Amino acid sequence: MTRKTVRIAMNGVTGRMGYRQHLVRSILALREQGGLDLGDGTVLWPEPILVGRREHALKALAERHGLEHVSTDLDAVLADETVDIYFDAQVTSAREEALRKAIAAGKHIYTEKPTATGLDGALALARLADEAGIKHGVVQDKLFLPGLLKLKRLIDGGFFGRILSVRGEFGYWVFEGDWQTAQRPSWNYRAEDGGGIVVDMFPHWEYVLHELFGRVRSVQALTATHIPQRWDENDKPYDATADDAAYGIFELEGGAIAQINSSWAVRVNRDELVEFQVDGTEGSAVAGLRNCRVQHRSATPKPVWNPDIPATEVFRDQWQEVPDNSEFDNGFKAQWELFLKHVHADAPYHWDLLAGARGVQLAELGLKSSAEGRRLDVPEVRL
């Protein structure tokens with residue numbers, strides 16, 4: 001076996017997602033398993049360089065995990081010819097400029113979404129990356145969740161027949177921050193800092209719908225700021241200027257209709273924090289983060305509406321659990337592995353900056369739809 005070191009500049013790893021999912025559960029997990037075997041006698045060894053603004057926080061992370069390289073100078077890191085990949089998990093408002101610098105420096109790009117604050121910027125990044133001849137990818141982690149992988153298995157096996165509709169419920173109660181600490185950073189609730197649930201979640205819904213059911217052809221959305229005042233990390237009150245809930249209807253290529261509610265002001269009364277119910281002519285399924293339940297046409301009960309008597313059926317018991325049938329790795333790690341194989345072994349990979357631009361487009365049109373109170377077509381994105 002030949003071990004090949006791949007140096008990855010990781011910007012934004014002091015944040016919750018960048019640290020937990022990308023650094024610890026992806027890159028460090030790859031190191032713990034001995035690297036990534038490419039299958040040709042080569043093992044990739046990821047060597048992270050922690051990049052950010054707070055040197056003390058970066059050094060603390062490096063010391064905790066036995067890492068050597070930290071920097072607060074992004075330009076210097078990008079000028080280093082030994083750096084192969086630039087990864088970005090910063091706040092949205094800082095991402096586009098950093099990605100432009102990395103592309104200009106000739107680094108391969110792997111980035112969280114949204115890739116930019118608007119469609120024009122997202123498309124410009126995709127064009128620049130193609131012109132530079134680099135490889136680029138956008139995190140689309142929910143495609144690798146066990147529940148959605150099981151759902152994909154059902155779709156590929158023709159379980160549903162003709163798919164009629166998709167209903168999604170996502171969200172949980174994010175505490176305001178006054179009497180209990182908020183679970184999310186305060187910038188998420190300030191539009192001027194790139195916050196908002198549409199900007200955060202509609203890019204997710206775009207790739208989930210696109211990959212599993214068909215391209216989104218139109219969107220009609222209604223947004224709300226249900227909690228107008230919150231408290232920040234310093235216990236100071238601030239006005240929430242970004243949407244904390246969005247209710248969207250999406251027309252899909254092929255005729256299916258998707259309806260997805262997203263909210264940080266909802267208390268959970270479902271089995272998982274996100275669930276999708278898919279109904280088709282031959283069967284239905286409910287998929288969450290990990291689990292998936294099905295009800296086939298042949299086993300569908302025949303309920304009758306009668307509000308005058310108590311329900312005699314336990315409807316949840318009428319569904320069948322889909323077995324795992326395989327081992328599921330962390331979704332972020334699984335996509336990291338695919339991207340690293342794409343960069344170093346030219347393996348197929350299509351979750352690129354153009355795919356990321358589609359997510360930005362849907363968020364932009366979702367906000368416009370809500371502001372104008374009308375349904376909007378979603379044109380196909382092309383470079």
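Quick notes on this structure:
- Accessible surface of the chain, 1.4 Å probe, proportion on carbon and sulfur as whole %: 47 percent
- Average accessible area per residue (Å²) across the stretch 198-338 - probe 1.4 Å, nucleic acids and ligands excluded: 53 Å²
- Computed FRET value (nearest 0.05) for Thr5 with Leu222, which takes r as the C-beta separation and R₀ as 45 Å: 0.35
- In order through the stretch 295-308: 3J(HN,Hα) via Karplus (6.51 cos²θ - 1.76 cosθ + 1.60), integer Hz, x for Gly, Pro: 9, 7, 3, 5, 10, 7, x, 10, x, 10, 5, 8, x, 8
- Binned Cα-Cα distance frequencies in the stretch 64-115 - 5 Å width, integer %: 4, 19, 29, 24, 15, 7, 1
- Val268/Asn325 FRET efficiency (R0 45 Å; Cβ-Cβ; nearest 0.05): 0.95
- Computed over the chain, the quotient of the alpha carbon radius of gyration and 2.2 N^0.38 Å is 1.04.
- Asp239/Ala104 FRET efficiency (R0 56 Å; Cβ-Cβ; nearest 0.05): 0.90
- Shown in residue order for the stretch 46-58 are the 3J(HN,Hα) couplings computed by the Karplus curve 6.51 cos²θ - 1.76 cosθ + 1.60 at θ = phi - 60°: x, 10, x, 10, 7, 10, x, 8, 9, 4, 5, 5, 5 Hz (x for Gly and Pro).
- Rounded if a/c under 1.5, otherwise prolate or oblate - the stretch 112-217, Cα gyration tensor axes: oblate
- The residues of the stretch 21-113 have, on average, 45 Å² of accessible surface per residue, using a 1.4 Å probe with all protein chains present.
- Restricting the calculation to Cα atoms, the stretch 1-75 shows an Rg/Rh of 1.01 when the hydrodynamic-style radius is the Kirkwood one.
- The phi-based Karplus calculation (6.51 cos²θ - 1.76 cosθ + 1.60; θ = phi - 60°) puts the 3J(HN,Hα) values of the stretch 319-329 at 10, 10, 6, 7, x, 5, 6, 6, 8, 10, 7 Hz, whole numbers, x for Gly and Pro.
- For the stretch 232-338, the pair-distance distribution built from all alpha carbon pairs, in bins 5 Å wide starting at 0, is 2, 7, 12, 14, 16, 19, 13, 6, 5, 4, 2, 0 percent.
- Over the stretch 122-165, equivalent-ellipsoid semi-axes from the Cα gyration tensor in Å: 33, 13, 9
- Cross-link reach is defined here as a Cα-Cα straight distance under 25 Å, omitting same-chain residues fewer than 8 places apart; for Lys150 the lysines meeting it are Lys113, Lys142, Lys333, Lys341.
- Here the peptides 334-341, 278-285 are ranked by packing, the mean other Cβ count within 10 Å, and the order with the highest first is 334-341, 278-285.
- Spread over its residues, the convex hull of the C-alpha atoms of the stretch 162-225 is 118 Å³ per residue.
The values are calculated or read from the model by the stated rules, or taken from the named source; none is laboratory data. Because the structure is predicted, anything quoted here is derived from the model rather than measured. Heads up, the Cβs are rebuilt from the backbone with ideal geometry, glycines too, and the neighbour counts pull from every protein chain shown. Side chains included, ligands, DNA and RNA excluded: accessible areas come from the protein's heavy atoms. Shrake-Rupley method; radii C 1.70, N 1.55, O 1.52, S 1.80 Å.
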